[in-house]
Amino acid sequence: FGYTLLYNRLTVTLRDKGFNPRQGIFHVGRGRHDALASDLMEPLRHIIDRVILALIHLRELTPDMFTSEEHGPTTICRMNGDGFRTFINRYEQTMATTFTPKKGLRMSYNQWLDATVDDLRRAFRFDIPYTPLQIT
């Protein structure tokens, strides 16, 4: 669910900034898959991992926030409304967290998503290297 939120946020940002998100660099677009959003998402997967770990370690999600149903040989587990709201709240808090991706420059993860798409556009337009987020 978290990766889907991030993927959709990147897709919207790419479209807003004039990109065709279906044409990827590393991923191949198939069907309705936005390959460029998947490309940009790769170095950001740790954000969603951070959300999940916070929800678990802070015990913000509880077993009663989930239901399970048997459908033949398969069990389907779903988050209920309280779990969904808790997840979204933690996700939004995390995306608003500031960090320093480059020397002296502090920004939220949301701001960084916009900035990285701008950086990618400049890289294509001016034939300069694009540097993805690097965690050191």
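The values are calculated or read from the model by the stated rules, or taken from the named source; none is laboratory data. Just so we're clear, the structure is a prediction, and the values are computed from it rather than from any experiment. Cβ sites come from the backbone with ideal geometry, for glycine too, and all protein chains shown count toward neighbours. Protein only, heavy atoms only, side chains kept; ligands, DNA and RNA dropped before computing areas. Shrake-Rupley method; radii C 1.70, N 1.55, O 1.52, S 1.80 Å.
Name the shape class, rounded, prolate or oblate, that the alpha-carbon gyration tensor gives for the stretch 64-123, where a ≥ b ≥ c are the square roots of its eigenvalues, rounded holds for a/c under 1.5, and otherwise prolate holds if a/b is larger than b/c and oblate otherwise. Please list the in-between numbers first.
Working: a/c = 4.82, a/b = 2.43, b/c = 1.98.
Because a/c hits 1.5 or more and a/b exceeds b/c, the stretch 64-123 counts as prolate.
Given a Förster radius of 30 Å and the C-beta distance between Ala123 and Ala96 as r, what FRET efficiency does 1/(1 + (r/R0)^6) yield to the nearest 0.05? Write down the numbers at each step before the final one.
Values: r = 27 Å, r/R0 = 0.89.
The pair Ala123/Ala96 has a calculated efficiency of 0.65.
Cα centroids of the stretch 79-97 and the stretch 51-71: 11 Å apart.
Using a 1.4 angstrom probe, figure out how much accessible area the stretch 3-106 has per residue, in square angstrom, rounded to the nearest whole. Before the final figure, lay out each step's value.
Working: 6760 Å² over 104 residues.
Here the per-residue accessible area is 65 Å².
Taking the Cα centre of the stretch 55-109 as reference, the dipole from Cβ charges on Lys and Arg (+1) and Asp and Glu (-1) amounts to some 600 debye. The Glu69 and Tyr3 beta-carbon pair, evaluated with R₀ = 30 Å, returns a calculated FRET efficiency of approximately 0.80. Simple rule: put +1 on each Lys or Arg Cβ and -1 on each Asp or Glu Cβ in the chain, find the dipole, and look at Tyr130, Pro43, His27; the Cα lying farthest toward the positive end is Tyr130.
Among Ile56, Ile76, Ile47, the largest mean-square fluctuation in a Gaussian network model of the chain (Cα springs under 10 Å) belongs to Ile76. In a reduced charge model with +1 at each Lys and Arg Cβ and -1 at each Asp and Glu Cβ, the chain shows a dipole moment near 480 debye about its Cα centre.
Solvent-accessible surface (1.4 Å probe) assigned to His71 amounts to roughly 90 Å².
Between the beta carbons of Met79 and Gln134, assuming R0 = 41 Å, the FRET efficiency works out to 0.80 to the nearest 0.05.
Taking the Cα centre of the stretch 23-63 as origin, sum charge times position over the Cβ atoms of Lys and Arg (+1) and Asp and Glu (-1), and report the length of that vector in debye to the nearest 20. Mind showing how you got there, number by number?
Working: 5 positive and 5 negative charges, 21 e Å.
Its charge dipole is roughly 100 debye.
Considering the options Thr74, Met107, Leu5, tell which one lies farthest towards the positive end of the dipole of the chain, charges being +1 on Lys and Arg and -1 on Asp and Glu at the Cβ, about the Cα centre. Value: Met107. Computed over the chain with a Gaussian network model linking Cα atoms closer than 10 Å, the most mobile of Leu44, Leu53, Leu36 is Leu53. Would you please state the base-10 log of I(q)/I(0) at q = 0.20, 0.23 1/Å for the stretch 6-113, with intensities from the Debye formula using one equal scatterer on every alpha carbon? With one equal scatterer per Cα and no solvent, log10 I(q)/I(0) is -1.10, -1.16.
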